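Heads up, the thing below is written out as structure tokens.
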Amino acid sequence: MPKRTVAFLAVPTFAVALAAAAPAQEVPDEIPDGYLNGTWAIGGSEACGADTTEHLTFDGNGTFTTVQRDQPTAVGFWNLVDDKLDLHMVSSPSFFGDQLQPFAGQYTYYYAQALLFDIEDQAFRMVAYMGGQLRGANLARCP
């Protein structure tokens, strides 16, 4: 029952986050094919050169990898329809926080949904929902 309550309460929070972001900039009518292809860093453009930043590489064949400190943190499949990004991935819980280090070496499947907004040529913002948590991030395209 508590998990359902938390999930139910997350929906209004998600809606408020999206409503607050909506006036910032409209989502283009259509995100161009291949827009995500390449490497993106979480943070501004200065994050591209930082090894402490997580880097996401989206390939045109629908696969992606994430890397932090030259260590792969997740691999999986992605699909972008309109402004909704679906991510199916395999990762270790130990990559999600220091308190989860006892799970190092164990891997599991995760599903995340993200809504993209403030879409520009070299950057975008997103709000993602995964495992009962809602997070926002700025991403910048890396050279």
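Tabulated data
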{"item": "The one condition in (1) touching a residue at least 60 places away in the same chain (Cβ under 8 Å); (2) more than 12 Å from the chain's Cα centre (by Cα) that Trp40 fails to fulfil", "result": "(2)"}
{"item": "Cross-chain or 6+ apart pairs with Cβ under 7 Å, region 128-143 first and touching a residue at least 60 places away in the same chain (Cβ under 8 Å) and part of a strand (DSSP E or B), then hydroxyl-bearing (Ser, Thr, Tyr) and surrounded by fewer than 17 Cβ atoms within 10 Å (Cβ to Cβ)", "result": "Leu134/Thr13; Ala140/Ser45"}
{"item": "Residues of region 43-81 satisfying the condition of being under 15 Å from the mean Cα position of the chain (by Cα) and among the polar types (S, T, N, Q)", "result": "Thr53, Thr57, Thr63, Thr65, Thr66, Gln68, Thr73, Asn79"}
{"item": "Any hit, region 17-32, residues being among the small types (Gly, Ala, Ser), outside any loop (DSSP other than H, G, I, E, B), modelled with pLDDT of 95 or more and under 18 Å from Val127 (Cβ atoms)", "result": "no"}
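The values are calculated or read from the model by the stated rules, or taken from the named source; none is laboratory data. This structure is a prediction, so every number in the text was calculated from the model and none was measured. Neighbour counts are summed over all protein chains in view; Cβ atoms, including those assigned to glycine, are modelled from backbone coordinates with ideal geometry.
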